[in-house]
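Below: the structure, in structure tokens.
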Amino acid sequence: MSAFIEQLPKVELHLHIEGSLEPELVFALARRNGITLNYADESALRAAYDFDDLQSFLDIYYAGMSVLQTEQDFFDMTHAYLQRAHRENVRHTEIFFDPQAHTDRGVPFSVVITGIHRALEQARHDWGMSSRLIMSFLRHLPEASAIDTLRQAEPFHAWLTGVGLDSAERGNPPEKFRRAYALAREQGYRLVAHAGEEGPPQYIRDALELLGVERIDHGVAAIADDALMAELAERRVPLTVCPLSNLRLRVVNAMAEHPMQKLLQAGLCVTVNSDDPAYFGGYMNANYQALQDGLGMSDGELLRLAMNGVEACWLSPEEKTLLLHDIQAHGEKFGVRAFDG
């Protein structure tokens, strides 16, 4: 790992907190809650992380959540991620959670969000790490379930900043959730959605036009549509790209084929994120390093990616200015100028 990457101040905008659940913690929570797993040990569980596509990942991802039962479980999972992110110099993080994956198995919404929120507050107190919380709808479930989740979230509105849309894209286009997003907008939430990971470029357009999102999660399919690329660049619509996730889920067959560098050089506001790092083999530093190793991206390009993260995040203008100053100072320390096209 290069010192430039290790010390680079970072923002993470695409992190599923349930996807940070490492096998060691899965087994610890299983023991605490008296749950018997279908794996002999942590090594056997990690060996099962051999995915052919998004759906094969989701199958084991949802199964792993069964160990999350209590508020303390959600606190421990979130705090473990935040500790690791802090060590990797992540200064600000915007975290997804999937309430339906828990309420559908009998865990109350209040238990889930209280544990997560408590960990975010502790990270803010202990390390000055800022955060925002995004409630994601599972797109393979009916829109009515998403609308019911919005209702359950009402008492916790102050703890939430935005809503998102994740899970399997195939057969679940953005238009399926038009009413849910309209309601979320009325309630004052900021809007993002996964689009263009395994879905076509049209899903990116639909997320922007039909759902009214301000940020696209993944979005790498844009590389196949020159007109869409130009529009995204002109509007500075952020894409929260997850390189190692794209590799492990075979969106690309090799990191050398990843479109990140082309997207950046075309003027898009692309950012680096880890998605579900426990499953995909790398947190933020590893994703930055993979781009440099696999694509030959320069330190100047990585510096611009970090700056894009600040541009795309939901901090206040004053907070963004302070964080950008730290990133630029880091570049000056290493004699690196940010890529400007």
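The values are calculated or read from the model by the stated rules, or taken from the named source; none is laboratory data. For clarity, every value in this text was computed on a predicted model and none was experimentally measured. Note that we place each Cβ from the backbone using ideal geometry, even for glycine, and neighbour counts take in every protein chain shown.
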Taking only segment 280-303 into account, find how many residues are crowded, with 23+ Cβ neighbours inside 10 Å and either small (Gly, Ala, Ser) or in contact with a Phe, Trp or Tyr (Cβ under 7 Å, 6 or more places away or on another chain) (or both).
1
Hey, among the residues in segment 304-327 that are in contact (Cβ under 8 Å) with a residue 24 or more places away in the chain and of a type outside the set (A, V, I, L, M, F, W, C), which one's surrounded by the most Cβ atoms within 10 Å (Cβ to Cβ)?
309
Failed criterion for residue 90 (all others in (1) crowded, with 20+ Cβ neighbours inside 10 Å; (2) in contact with an Asp or Glu (Cβ under 7 Å, 6 or more places away or on another chain); (3) free of Cβ contacts under 8 Å to residues at least 60 places away in the same chain hold):
(3)
Going by the conditions given, is residue 29 in contact with a helix residue (DSSP H, G or I) (Cβ under 7 Å, 6 or more places away or on another chain) and in a helix (DSSP H, G or I)?
yes
With respect to residue 251, determine if the residue is surrounded by 24 or more Cβ atoms within 10 Å (Cβ to Cβ), under 17 Å from the mean Cα position of the chain (by Cα) and in a loop (DSSP other than H, G, I, E, B).
no
Residue 335 assigned to a loop (DSSP other than H, G, I, E, B) and farther than 25 Å from residue 16 by Cβ:
yes
From the option list 208, 183, 165, single residue qualifying as modelled with pLDDT of 95 or more, within 16 Å of residue 137 (Cα to Cα), aliphatic (A, V, I, L, M) and buried (at least 21 other Cβ atoms within 10 Å of the Cβ) is 165
Go over the candidates 28, 40 one by one and state the one that is among the small types (Gly, Ala, Ser) and over 19 Å from residue 102 (Cβ atoms).
40
What residue, among those in segment 38-87 that are outside any helix (DSSP H, G or I) and within 19 Å of the chain's Cα centre (by Cα), is surrounded by the fewest Cβ atoms within 10 Å (Cβ to Cβ)?
53
List the residue pairs whose Cβ atoms are under 7 Å apart, where the first residue sits in segment 23-35 and is more than 25 Å from residue 281 (Cα to Cα), the second is part of a helix (DSSP H, G or I) and modelled with pLDDT of 95 or more, and the two are 6 or more positions apart or on different chains.
33/67; 35/67
